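Working notes, structure below.
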Amino acid sequence: MSSDKGGISALRLSKLLAISWPTAHRMLRKWRLAMGHRDSLYRLGEWWELDDALVGGQRAGKRGRGAEGKPPIWVACEDRGERAGFLAMEAVSQVTHPHVADFAQRRLRPQHTVFTDALPALGRLQDCHIHCPRVTPPEQASHKKKLTSRRKAA
């Protein structure tokens, strides 16, 4: 399952392990269920960044927040110094205070530091976390500069 970029099908697994297709299908279902359950229990670590994004490719019309036909997602990433750690993503219907609170409660540990882009909906994070909202000017958007300045400020 993890060695192939697109996952593995039950047919391919059945041929690799020399088992029947129903057995391979059942095994894949159980593995995927177990991985999903593990992900629901895991909480991101001490330093992390949270942002929203829109998914759906290029389309005509409005760009950015509020674009037609592009569902928003939350993306939270553990900050491990020079590299990223674990990642949590979730599709949401809207970018609002209740959706932020729900995502943070399920995915992030309380009283840890979270860096955001100062979107008003993310203000709810300060209820249970150390919230560091910041707008980074384009000329300072380098990865190394951002991490160094954030850690010093916190």
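The values are calculated or read from the model by the stated rules, or taken from the named source; none is laboratory data. Here the structure is a predicted model, which is why all the values come from computation and not from measurement. As a convention, Cβ positions derive from the backbone with ideal geometry for all residues, glycine included, and neighbour counts pool all protein chains shown. Keep in mind that these areas ignore ligands, DNA and RNA; they rest on the heavy atoms of the full protein, side chains included. Shrake-Rupley method; radii C 1.70, N 1.55, O 1.52, S 1.80 Å.
Could you derive backbone 3J(HN,Hα) for the range 8-16 from the dihedral phi with the Karplus parameters 6.51, -1.76 and 1.60 (θ = phi - 60°), listing whole Hz in sequence and x where the residue is Gly or Pro?
9, 8, 5, 5, 5, 4, 4, 6, 5
What accessible area per residue, rounded to a whole number of Å², is obtained for the range 86-144 using a probe radius of 1.4 Å? Mind dumping the intermediate values first?
On the way: 3570 Å² over 59 residues.
On a per-residue basis, the range 86-144 sits at 61 Å².
Given labels modelled 7 Å from the Cα in the Cβ direction, how far is it in nm from residue 111 to residue 17?
Each label point is offset 7 Å from its Cα along the Cβ direction, giving 4.3 nm.
Using a 1.4 angstrom probe on heavy atoms only, work out the carbon and sulfur share of the accessible area of the range 77-141 in %. Walk me through the numbers before you get to the answer.
On the way: 2110 of 3850 Å².
Roughly 55 percent of what the probe reaches on the range 77-141 is carbon or sulfur.
Suppose each label sits 7 Å from its Cα in the direction of the beta carbon; what would the residue 51-residue 89 distance come out to in nanometres?
Here the answer is 1.3 nm between the modelled labels.
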